Amino acid sequence: MTLQTLPLGHGLRPAASDMLNRTCFGLVVANAAYLVTQIIGKTWILDASGRPIHTDFTNVYAAGRLVLEGHAAAAYDWNLHYAAENALVAHSQAEYLGWHYPPPFLLIAGLLATLPYAAAFLVWMAATLPLYLMTIRTIVGDRIGWLVGGAFPCLMPNIISGQNGFLTASLVGGALALLESQPMVAGICLGLLTYKPQFGLLFPFVLIAGGYWRVMAAAAVTAAVLALVTIVAFGTTPWTAFFHWLPLTSKALLSQDHTAWADHTDWYKFQSLFAMARLLGGDATLAWLLQSALTVVVAIAVIAMWRSKWIAFELKAAALAVGILRATPYVYLYDLAILAVSVAFLMRLAIKTDFRPGEAAGLALITALVLVLPFLGMPPGLPAAAITALLIGRRVTGNRPI
């Protein structure tokens, strides 16, 4: 019997499988219904007059326009990039969305900018959303993976704003899913992930701990080729500009005074311990100390798991995915798509062995937090990640040989 002929959630008890199917389907419908309300209300992509709505995608498209005009390095200059954004959508300086990505992402931005704004937005979603869903389906290893991917509440923060969380989650999830069966492809995924280098921080340590040398080599070659392509396409000035503006960007985003953080109306979008410390009134020094301590603890825990021979691969992968989110100070609401990768690996293990007591409730709570807390103006990332880590820890300790 092939996988395609098996019922959804075939490895689970019938009652658990039925409940999972219904819950996931209901969340998929809720996501679709919310998007429909945005379309009807003319609050997605274009407003009622047909003008672009200022979202995160404006940032990408504006950078792409600068690329097409032959000024790729200008994307890193706040004044020039803001002018390009403002030419698309008039907005105040306080609403400016800066371009903080390494030069390889300018290649995608330039390609998207060859299309009209709305078409570029839709093409971006049409390319990255199915890739994300396919990744989650592959990880789960069962057709219910389509529903799990479509149900996770990370969809709307990415679809509404045109963000790149789907691509990031696909590269992280793809690397983990293919790590053992297709190491070269896994390495290519990691090389492409350098467009968001903060999420690759733990991978070198894990790959060394697990002895995945071919993956490391493929990742290094891919990253080098990407850098070379950008130099051929744009010259070295974008790289010079990127490294020149990087410390200034870091200071503006992470080290401004705590009053500015506390007054930020969209503070729920920040998902790191660093951000929480700042938002609660701590200064940058305290926030960096707390974040650094957490990063070290997470790195030690993940490395220890990946060195182990008796821990299931699903638990290693789930721990690394959630650890990626906790190891960096620079993580936003839309980046929680990576958390869906961790949940997918836990689902894969549950399908093999059925749910442990309280596990289904824990996964439901994670989903509820990511779904509800943003509407209450609260960041869901820390509690959702903590519960995910707890579920992983219960599995690890419960399976440990005596």
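The values are calculated or read from the model by the stated rules, or taken from the named source; none is laboratory data. What you are looking at is a predicted structure, and each value in this text was computed from that prediction instead of being measured. As a convention, Cβ positions derive from the backbone with ideal geometry for all residues, glycine included, and neighbour counts pool all protein chains shown.
Quick look at the numbers
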read-out: Selected residue (criterion: surrounded by the most Cβ atoms within 10 Å (Cβ to Cβ)) from residues of the range 90-111 that are out of contact with any Asp or Glu (no Cβ under 9 Å at 6 or more places or on another chain) and either farther than 19 Å from T249 by Cα or β-branched (V, I, T) (or both); value: A109
read-out: Output for the range 269-292, where each listed residue is crowded, with 17+ Cβ neighbours inside 10 Å and among the hydroxyl-bearing types (S, T, Y); value: S272
read-out: Top-ranked residue of the range 194-213 - restricted to ones that are within 24 Å of Y132 (Cβ to Cβ) and touching a Phe, Trp or Tyr at 6+ places or on another chain (Cβ under 6 Å), ranked as surrounded by the most Cβ atoms within 10 Å (Cβ to Cβ); value: V206
read-out: Pairs, first over 13 Å from G210 (Cβ atoms) and touching a residue at least 40 places away in the same chain (Cβ under 8 Å) in the range 175-189, second polar (S, T, N, Q) and assigned to a helix (DSSP H, G or I), C-beta under 8 Å, six or more apart; value: A177/T135; A177/T138
read-out: Selected residue (only one of A90, A113, A62 is at pLDDT below 95, of a type in the set (A, V, I, L, M, F, W, C) and more than 30 Å from T367 (Cα to Cα)); value: A90
read-out: Check on I303, over 29 Å from G150 (Cβ atoms) and in a loop (DSSP other than H, G, I, E, B); value: no
read-out: Residue list for the range 329-358, filter: among the β-branched types (V, I, T), under 18 Å from N21 (Cα atoms) and buried (at least 20 other Cβ atoms within 10 Å of the Cβ); value: V343, I351
read-out: Filter result for A218 (at pLDDT 95 or above and under 24 Å from the mean Cα position of the chain (by Cα)); value: yes
read-out: Checking I136 against (1) at pLDDT 95 or above; (2) surrounded by fewer than 22 Cβ atoms within 10 Å (Cβ to Cβ); (3) not charged (D, E, K, R), the condition it does not meet; value: (2)
read-out: Matching residues in the range 322-342 - criterion: being of a type in the set (V, I, T) and either within 8 Å of the chain's Cα centre (by Cα) or modelled with pLDDT under 95 (or both); value: T328, V331, I338
read-out: Segments classed as helices (runs of 4 or more DSSP H), wholly inside the range 310-402, with at least 2 members that are within 23 Å of V296 (Cα to Cα) and touching a His at 6+ places or on another chain (Cβ under 9 Å); value: none
read-out: Of all residues making up the range 267-286, the number that are free of Cβ contacts under 8 Å to residues at least 40 places away in the same chain and of a type in the set (K, R); value: 1
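Conditions tested, residue by residue: (1) more than 24 Å from F166 (Cβ to Cβ); (2) at pLDDT below 90.
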residue: G282; (1), (2): yes, yes
residue: W288; (1), (2): yes, no
residue: I311; (1), (2): yes, no
residue: A318; (1), (2): no, no
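Residue by residue, here is whether (1) β-branched (V, I, T); (2) at pLDDT 95 or above; (3) over 23 Å from T43 (Cα atoms) holds:
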site: F152; (1), (2), (3): no, no, no
site: L171; (1), (2), (3): no, yes, yes
site: L176; (1), (2), (3): no, yes, yes
site: G191; (1), (2), (3): no, yes, yes
site: Q198; (1), (2), (3): no, no, yes
site: L201; (1), (2), (3): no, no, yes
site: A209; (1), (2), (3): no, no, yes
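Condition check ((1) crowded, with 18+ Cβ neighbours inside 10 Å; (2) in a helix (DSSP H, G or I)) across all residues:
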| position | (1), (2) |
| --- | --- |
| F25 | no, yes |
| A32 | no, yes |
| K42 | no, no |
| Y61 | yes, yes |
